[in-house]
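To start, the structure itself, in structure tokens.
We did not get these values from a lab; they are worked out from the coordinates using the rules stated. Everything quoted here is computed from the prediction, not taken from an experiment. Glycine also receives a Cβ, built like all others from the backbone with ideal geometry; neighbour counts cover every protein chain displayed.
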Amino acid sequence: MPVVLFTDFGAADLYLGQVKAAIAARAPRITVLDALHAAPNFGIEPAAHLLAALVPHYARDSVFLAVIDPGVGGRRDAIVIEADGRRFVGPDNGLLSVIWQRSRRRRCRRIAWRPARLSDSFHGRDLFAPVAAALAAKRLPRGWLAAKRAPEVLLDAGDFPCVIYVDHYGNAMTGMRDLPESARLRVGRHKLSYARTFEAARPGKPFWYPNCIGLAEIAANRASAARKLRLRIGSPVARV
């Protein structure tokens, strides 16, 4: 079964390579997939909604290593959750809580194991990666996990009416789902109508559409909607 990585580490920095090396050291034959390494920096809530939208597009036996962890080295717990056939390894800071609350079959456990050398600033490499690798390889040592009733930090699992991700085209994903075509969205002073495809909108004109992972996305035909509308992570979006 694969390990799927979802982090805010950045693909160009040195952290991602170290995480993959830690996985390979314990499970060299496991496939590692990169879901995203440009998740919102320190953005636990937008990342939680983005992760929840991405999850259905990966195999049910996947092990997700999810790390957006501004409290690394502090008092937040480290957990593994099982949700509808997939497993998730990461900090108990709300990042996994949207998936937890939307799942039908679920289980939570605390990571009780600690490595001999544990960096205060890099639990993604030293703690979470070995656990994810052991789970994916089906060779989890006894005593590594302990019972835990549920994640301690639970974010609102309903729609999140804000921008949660901006891609390199300038398209802005929101945390809103299942909007009818008749809906209009307001960002700042602008009201946006639905368009089914990019070419259905005039060049440069912003609009919204349901994107490939089921989220309402704000875009512009052959232009950056984020630049035109001054959108960034956390910008509020309202349905009107």
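Data for the structure
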quantity	calculated
Neighbour-count order for 208, 100, fewest beta carbons within 10 angstrom listed first	100, 208
Gain upon complete extension [residue 120, residue 198; 0.36 nm per residue less C-alpha separation]	23.5 nm
Gain in span if fully extended, residue 112 to residue 57, counting 0.36 nm per residue against the direct Cα distance	16.8 nm
Per-peptide average of other Cβ atoms within 10 Å, ordering 69-76, 139-146 highest first	69-76, 139-146
Residue order, fewest to most beta carbons within 10 Å, for 162, 212	212, 162
Alpha-carbon gyration tensor eigenvalues x 5, square-rooted, for the stretch 90-142, Å	22, 15, 9
Amide H contacts under 5 Å for residue 159, placed H, 5+ residues apart	none
Residue 211-residue 138 pseudo-label distance in nm [points 7 Å out on the Cα-to-Cβ vector]	3.6
Ellipticity estimate at 222 nm from DSSP helix runs (n ≥ 4, -39,500 (n - 2.57)) divided over the chain, nearest 500	-5000 deg cm²/dmol
Check: the stretch 3-147 dipole with +1 on Lys, Arg Cβ and -1 on Asp, Glu Cβ, in debye	800
Loop-exposed GluC sites (Glu not before Pro) per DSSP, neighbour cap 16 Cβ within 10 angstrom, longest uninterrupted part of the chain	1-151
Space enclosed by the convex hull of the alpha-carbon atoms of the stretch 9-118, per residue, Å³	114
